[in-house]
Amino acid sequence: MTSLFERLKSDAAADWDAYVRHPFVLGLGDGTLSRPSFQHYLVQDYLFLIEFARAYAIGVYKAPNALEMRKASAGMHAILDETSLHLKLCAEWGLSQEAVESTAEARATIAYTRFVQEAGLRGDMLDLVVALSPCVVGYAEIGTDLAAAGTGLDGANPYAAWIREYAGEGYQGVAEASLAQIDRLAALYLTQARYPRLLEIFRQAVRLEADFWQMGLDLAD
Ligand SMILES: Cc1ncc(C[n+]2csc(CCO)c2C)c(N)n1
């Protein structure tokens, strides 16, 4: 049987492609993305991750059993740990933790994170993990694609470390665990009647991911 994620991705194929093949992503892949765009993205991504960790905390609350509660809690901690990578890079550019934390959230950051949190607050844990999935699984797909593309891991590409991080075994394992989590929750909660609403949550989250790349490209606030 096709997994719920594969079904959602195939039913939102045009939006998914616009996200994973966004000009920002192509610029990471061939190294042509401007440094200010990447820096603007990374500072906003730090703010994004803090709110994303909060979305996992909603998952801890909404978990239907102790296994899912532990997994959501581990996810929250993993995201908080991921932020130290961002802070390290920002520090190399002369931006302190205080400077990053006092940066205002861009509208694209607010829109995406609050959308995901609200999907979890309003619904159950299946709604929440569907809203989270474009982020977690999409970055694994992007990492793999860019690493395979030739210029991605080239020593001359300034973004090779970023690509290596998401193409690496560690992160690929995180994405696989997330697919398994969606399938466990689908087994508990999915009905045919719920599918259209889940697809709508998924599609909007994918579009908000693409907007997040665009915010980086445009240096939008
Ligand atoms: C806009 C945006 N979307 C997705 C990710 C990737 N990401 C977010 S949480 C998470 C799980 C880590 O445990 C991963 C990989 C990001 N950093 N920024």
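Worth pointing out:
- Considered as a group, the residues in the stretch 95-112 that are open to solvent by 70 Å² or more (accessible area, probe 1.4 Å) and in a loop (DSSP other than H, G, I, E, B) include one that is farthest from R194 (Cα to Cα), and that residue is S102.
- Qualifying residue in the stretch 181-192 (condition: crowded, with 19+ Cβ neighbours inside 10 Å, polar (S, T, N, Q) and either touching a strand residue (DSSP E or B) at 6+ places or on another chain (Cβ under 9 Å) or farther than 15 Å from D15 by Cβ (or both)): yes
- Cβ-Cβ contacts under 6 Å between residues 6 or more apart (or on different chains), taken from a first residue in the stretch 157-176 that is crowded, with 18+ Cβ neighbours inside 10 Å to a second residue that is outside any helix (DSSP H, G or I), are listed as N157/G31; N157/T151; A160/L153; I163/G152.
- Looking only at residues of the stretch 8-37 that are touching a Pro at 6+ places or on another chain (Cβ under 8 Å) and open to solvent by less than 40 Å² (accessible area, probe 1.4 Å), we find that the one that is farthest from D127 (Cα to Cα) is G31.
- Cβ-Cβ distances below 6 Å connect the following pairs, each with a first residue in the stretch 30-58 that is within 14 Å of A111 (Cα to Cα), a second residue that is open to solvent by less than 20 Å² (accessible area, probe 1.4 Å) and not in a helix (DSSP H, G or I), and a separation of six or more residues or different chains: Q44/A106.
- Residues of the stretch 79-94 satisfying the condition of being surrounded by fewer than 13 Cβ atoms within 10 Å (Cβ to Cβ) and either modelled with pLDDT of 95 or more or closer than 24 Å to E209 by Cα (or both): D81, S84, K88
- The one condition in (1) closer than 14 Å to V129 by Cβ; (2) away from the ligand (no atom under 12 Å from the Cβ); (3) surrounded by 20 or more Cβ atoms within 10 Å (Cβ to Cβ) that H40 fails to fulfil: (1)
- Taken together, Y139, Y159, Y166, Y189 contain a single residue that is within 16 Å of the ligand (Cβ to nearest atom), within 26 Å of Y61 (Cβ to Cβ) and either β-branched (V, I, T) or in contact with a helix residue (DSSP H, G or I) (Cβ under 6 Å, 6 or more places away or on another chain) (or both), which is Y139.
The values are calculated or read from the model by the stated rules, or taken from the named source; none is laboratory data. No experiment lies behind these values; they were computed from the predicted model shown. Counting neighbours? That spans all protein chains shown, and the Cβs are built from the backbone with ideal geometry, glycine included. To get the accessible areas, we keep the full protein, side chains included, count just its heavy atoms, and leave off ligands, DNA and RNA. Shrake-Rupley method; radii C 1.70, N 1.55, O 1.52, S 1.80 Å.
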